[in-house]
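Each remark here refers to the structure printed beneath this line.
The values are calculated or read from the model by the stated rules, or taken from the named source; none is laboratory data. Being a predicted model, the structure only gives us computed values, none of them experimental. Cβ: placed from backbone, ideal geometry, glycine included. Neighbour counts: every protein chain shown.
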Amino acid sequence: MSSQDIPEENLPAESGAAHGAVGVADEHNPFADPGLPPHEHRIQDIDERAAKRSERTVALLFTVSMLATLGFIASYVWIPNDKSIFIWPLGHISAMNFALGLTLGVALFCIGAGAVHWARTLMSDAEIADERHPIEASPEVRAKVHADFKQGAKESAIGRRPLIRNTLLGALTLVPFSGLFLLRDLGSLPHEKLRHTLWAKGKRLVNMNTNQPLRPEDIATGSLTFAKPDGLEENNEDFQNEIAKAALMIVRLQPDNIKDKRELEWSHQGIVAYSKICTHVGCPISLYEQQTHHVLCPCHQSTFDLSDGARVIFGPAGHALPQLRIGVDSEGYLQALGDFEEPVGPAFWERG
Amino acid sequence: MKKLSARRRHPLAAVVVLLLALAATGGLYTAFAPASKAKADDSAQSLTIEEGKKLYEVGCASCHGAGGQGTTDGPSLVGVGAAAVDFQVGTGRMPAQQPGAQIPRKKVIYNQAEIDQLAAYIASLGAGPSVPTKNQYSPEGADIAKGGELFRTNCAQCHNFTGKGGALTHGKFAPDLEGVQPKHIYEAMQTGPQNMPSFPDTTLSSKNKKDIIAYLHSVNSDQTKNPGGLELGGLGPVSEGLFGWIFGLGVLIAVAVWVAARTAKAKKS
Amino acid sequence: MSTTASNPTRSRGKAPAGEKLADWADGRLGIYSLAKANMRKIFPDHWSFMLGEVCLYSFLIIILTGVYLTLFFHPSMNEVVYHGSYVPLQGQLMSEAFNSTLHISFEVRGGLLIRQIHHWAALIFLAGMFVHMMRVFFTGAFRKPREVNWLFGFLLFVLGMFTGFTGYSLPDDLLSGTGVRFMEGAILSVPIIGTYISFFLFGGEFPGHDFVARFYSIHILLLPGIMLGLVVGHLILVFYHKHTQFAGPGKTNNNVVGMPLLPVYMAKAGGFFFLVFGAIAAIAAIAQINPIWAIGPYRPDQVSTGAQPDWYMGMAEGLIRAMPGWEINFWGHTLVLGVFIPLVLFGVVLIAIALYPFIEAWVTGDRREHHILDRPRNVPTRTAFGAAWIAWYFVLLVGGGNDLWATHFHLSINAITWFVRIAFFLVPVITFVITKRVCLGLQRRDKEKVLHGRESGIIKRLPHGEFIEVHEPLSQEQLYTLTAHHQYEPVEIGPTVDENGVERKVRGTEKLRAKLSHAYYGEDSQIAKPTVEEYKEITSGHGHH
């Protein structure tokens, strides 16, 4: 930066006494540094009884610490780990945690308090001034270092033999790529994985709570139901990955209340099924207000209107919740009529 | 935005939706409710209904209409069932004091006998969910862990991990469930009061409800164990952060002031 | 060792054991030269100089307790059925990571305590770094020669945030899992490479089976390793530069006044470690933190309201909650501005903090060393910047906790979000203006005090009936302290025409610097400190009031 441009007179003059020496009061300059005030004694410095008291306080603190450590060991040995006690205002808490924590806390705190009290009352409190030295090296040292460096560089002949220099640079530039390539197998490539879920034509909607397939008449107006695709069980190897995309939220609206035409088409007797995964950053959105038909995300408050194609009416989400097209199979169970037509969950670059 | 919010907050809007929702719930329930419960002809029962009608005319009719058919100030109660009455009146929400984003829980005005009479009267207007029996909602013999899983799937999104409550849109909220009677929790799941969706037996079985009640009793009651100490409201990192700043860093700064402070000097005499 | 000393010129034979040991070490490590320079090193006394120690000690506590936790924690996402002693989870499927954290909390004696100390210490570590950084900022301790140490501290703060995030994600509970899901969404929003980074980080699709193990090595090895190195570097520089001090009698830019390391600071600083550890242990005994058993194991289809990150991520949370949902689709691609802009802003704010010392040094053009601290009031523009930043940070914390504000203050969550959106722009400006005014007011009061003395509260009635308040003149110590600060002159753009009449091109950076310099040191930004002449004129004259 071009700080040389700034004229010296813009910088304030150094004030205060020169070089750490205790300044002499200057009658011409009332603002001059009067220098370090004289040291004043504490009670402990002049009264041996006070000093003795301090000594005893410090020793007492160290003793309390020892006792607390014994208490810690005793608590560890004798208190049953699952014992619960009621202590106001903490509530029903673990006796072990409380006893261990307090004894450990006291044992440590008293060591510290003793040491600090010792330092404050019995060690010398005379203030000492220490000189500072400039961080920058003197011009001679600077010149010497520069000369040494040039000498070394010259002796290495790196400047004279550019072939060595350039090939070395090339080798050093390339070698980290091995490391970069080694990172490739950290994970599989996205391909189309974010676009598909387990939902497919004919998959029944299975109630999360009862693990039974749902019938239209199970879904009452104003109720809220969560569903997963038939066949996905909690103990499946990839349950977490699949439910992270396939989780479904089902509500029943009065068909007259559905404002969006496609939503009505994709519903069954007013039963609509939406992805439970928020399109913002993927929280399972499900704070359904049955009177307003709004559903709110508990993470960042994106609000969607389920009676209007689940479009965003508030908050940071960028697009509507994907709807699953549903119908009824020959046995009268609710089924999907295909996968979601757009990727569920948060948007990503390739989503389009 | 303001206009929208105002319209949605308008008592009328809530009333209209509530009316539709409750009517539908009740209607649906009729299909499943045991027929015997809806009918009671003996004289004791009709006396109860008569008493309930009197109470209704004094305390409820101004908003819900003389025959429970609803007015602009309150939804129709035909077919909401005894469970809804028992919940709304039994938790003090009804009779409502003033319209707002949400009618909050408050001091209960009627005693249980009166509530039963009111419920009987409303139930006589049209069949709906009846008040659950103790056997249905008592947490004994329930699977607490299953209840926890169900709670996290169906309830925690509004009521928080352990039922401490949370915010909804435009000033509405899901209340803290501590101290709510098991019966009322059961009724709330069944009837879906105000903006809460209902969880009818068809999707959340009676056993499921019992499990949830047992879970709540275990994690959000005055008997709940918090082994680590102060629960800090059970609200998670926000209250923990606040505590860490005020009591953690606060205490340490106070200690630092003591460590760095000068010891008192002896007075010059 | 034999009693005959190896070096006959020095008679070490009858030295006590401690001395012998020290001699032995000196012969191999040269510890005496090190001790000569440092044993009686002087440290000034001020409570705010101990904030850094709070961080250092909580960092040590985190390492100690963290090592203990690794003995029991299983960083694995294999699903197991819980059979431990916590009834409300028995029979539930959960990852081994969650299961072993429950084991630490309920079956390992003292395990819960160590877990809680670890977590509380982490919150305090970051809060301590925040306050320490503010202390350094507002007193100008980041100026030459300490810019590099500011960068070290800044890196420690940022790495601390990410170490915390990876740490609280390890138990694989429902709350932290929601946070990891948010992180996945944020990564997906990065244009072009986001999807790939996400797949590489999670070993495929979210949540996969890898992230706990990967976060584990990041949390216990990679980040703390770097941080440990930075902490050591930070401390070496503190020793090398010697501590800054506030202006006062006898305290100059060329010395440091205080107490020696041995014995006073050995006892005070060493004792302070135990005080910090003791206080945190006591907090862990009485206040519960992150009760994962109440939160439950992570499942991507479950969630709880009030899902927030630990406090130090609250600013990012506020940014993301207040942001409108902008999304642009073009040519088959999606630009997720609603998530990406907050992500970028988060980075920009952090980088601005890192660069501040260099910006200010450029504006002042001052290349001298500064060891005397500024009083915040004497640098109104910097102080106002800092205050505006803190206010902005607080607004975002409110935004990050908007749902809890809503429930606890009976407000509408939508109204709070709108408040945050507006306050995001407005509050920093208002804070800036107010802080600057307050600083200037305080400078005026200081000037008044120097020239007219301290208001004594004694009312005197003059012979002709007038009442005046007696002002006590200040001592020379006070006069010096109040007038010791430097005042810069604003930089002017030099003559645009040189002596030969040739017009010189004024560069944009030069204009910018002149503007900034005026903003910092112009007439509206500082009150000229009283001069000796002013003082003499007033004090030599006819009484004073």
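Comparison of B:Q136, B:Q157 shows that the only residue that is assigned to a helix (DSSP H, G or I), within 22 Å of C:W293 (Cα to Cα) and touching a Ser or Thr at 6+ places or on another chain (Cβ under 7 Å) is B:Q157. Candidates are the residues of segment B:226-254 that are touching a residue at least 60 places away in the same chain (Cβ under 8 Å) and more than 14 Å from C:P309 (Cα to Cα); the one that is nearest to the other protein chains (Cβ to nearest Cβ) is B:G234. The condition of being among the hydrophobic types (A, V, I, L, M, F, W, C) and either assigned to a loop (DSSP other than H, G, I, E, B) or not assigned by TED's automatic domain parsing to the domain that holds B:E149 (or both) holds for only one of B:L216, B:L249, that being B:L249. In the set B:Q98, B:Q102, only one residue is within 14 Å of chain C (Cβ to nearest Cβ) and within 30 Å of A:S302 (Cβ to Cβ); that residue is B:Q102. Would you confirm whether or not segment C:466-474 contains a residue that is over 28 Å from C:K536 (Cα atoms) and of a type in the set (A, V, I, L, M, F, W, C)? The answer is no; no qualifying residue exists.
The set of residues in segment B:195-213 being in contact with a Gly (Cβ under 7 Å, 6 or more places away or on another chain) and either part of a loop (DSSP other than H, G, I, E, B) or within 12 Å of chain C (Cβ to nearest Cβ) (or both) consists of B:P197, B:D211, B:I212.
Among the residues of segment A:236-264, those that are without any contact (Cβ under 8 Å) to a residue 24 or more places away in the chain and over 19 Å from A:T197 (Cα atoms) comprise A:P255, A:D256, A:K261, A:L264.
For segment A:93-105, a residue qualifies if it is facing chain C (nearest Cβ under 7 Å) and either basic (K, R) or in a helix (DSSP H, G or I) (or both), and the qualifying residues are A:M96, A:N97, A:F98, A:L100, A:G101, A:L102, A:L104, A:G105.
Residue count for segment A:69-92, restricted to those that are within 8 Å of chain C (Cβ to nearest Cβ) and under 31 Å from the mean Cα position of the chain (by Cα): 1.
Restricting the search to segment C:21-75, which residues are of a type in the set (A, V, I, L, M, F, W, C), out of contact with any Ser or Thr (no Cβ under 8 Å at 6 or more places or on another chain), over 28 Å from C:N254 (Cα atoms) and not in a helix (DSSP H, G or I)? The answer is C:L71, and nothing else. In segment C:481-505, the qualifying residues are those that are of a type in the set (A, V, I, L, M, F, W, C) and surrounded by 13 or more Cβ atoms within 10 Å (Cβ to Cβ), and the one that is farthest from C:H370 (Cα to Cα) is C:I493. Number of residues in segment C:191-210 that are buried (at least 19 other Cβ atoms within 10 Å of the Cβ) and touching a residue at least 40 places away in the same chain (Cβ under 8 Å) equals 3.
Evaluate the following for C:G84: is it touching a Lys or Arg at 6+ places or on another chain (Cβ under 8 Å), part of a loop (DSSP other than H, G, I, E, B) and assigned by TED's automatic domain parsing to the domain that holds C:P291? Considered against the rule, which asks whether it is touching a Lys or Arg at 6+ places or on another chain (Cβ under 8 Å), part of a loop (DSSP other than H, G, I, E, B) and assigned by TED's automatic domain parsing to the domain that holds C:P291, C:G84 comes out as no. Just give me the residues in segment A:278-290 being free of Cβ contacts under 8 Å to residues at least 24 places away in the same chain and more than 8 Å from chain C (Cβ to nearest Cβ), in sequence order. Selection gives A:E289 alone.
Within segment C:81-96, the presence of a residue that is more than 11 Å from chain B (Cβ to nearest Cβ) and among the aliphatic types (A, V, I, L, M) is excluded. Just one of the listed residues (B:G192, B:G128, B:G165) is touching a Phe, Trp or Tyr at 6+ places or on another chain (Cβ under 8 Å) and within 14 Å of chain C (Cβ to nearest Cβ), and it is B:G165. Residues in segment B:58-74 that are at pLDDT 85 or above and surrounded by fewer than 13 Cβ atoms within 10 Å (Cβ to Cβ): B:V58 alone. The helices (runs of 4 or more DSSP H) found wholly in segment A:136-255 and carrying at least 2 residues that are not assigned by TED's automatic domain parsing to the domain that holds A:Y288 and not charged (D, E, K, R) occupy A:139-156, A:162-174, A:176-182.
When segment C:326-349 is filtered for residues that are at negative phi, at the interface with chain A (Cβ under 7 Å from one of its Cβ atoms), surrounded by fewer than 20 Cβ atoms within 10 Å (Cβ to Cβ) and not in a strand (DSSP E or B), only C:W326 remains.
Among the residues making up segment C:235-263, a single one is assigned to a helix (DSSP H, G or I), β-branched (V, I, T) and either touching a residue at least 40 places away in the same chain (Cβ under 8 Å) or closer than 26 Å to C:T481 by Cα (or both): C:V238. Determine whether segment C:309-327 contains at least one residue that is touching a residue at least 60 places away in the same chain (Cβ under 8 Å), closer than 30 Å to C:E79 by Cβ and in contact with an Asp or Glu (Cβ under 8 Å, 6 or more places away or on another chain). Yes - at least one qualifying residue is present in segment C:309-327.
Taking segment C:453-477 as the range and being surrounded by fewer than 18 Cβ atoms within 10 Å (Cβ to Cβ) and either under 38 Å from the mean Cα position of the chain (by Cα) or not assigned by TED's automatic domain parsing to the domain that holds C:K529 (or both) as the test, the residues that pass are C:R454, C:E455, C:S475, C:E477. Every condition in (1) more than 26 Å from the chain's Cα centre (by Cα); (2) free of Cβ contacts under 8 Å to residues at least 60 places away in the same chain is met by C:T431 except one, and the failing one is (1). Scanning for something among the aromatic types (F, W, Y), out of contact with any Pro (no Cβ under 6 Å at 6 or more places or on another chain) and more than 11 Å from chain C (Cβ to nearest Cβ), does segment A:173-186 turn up at least one residue? Yes: one or more hits.
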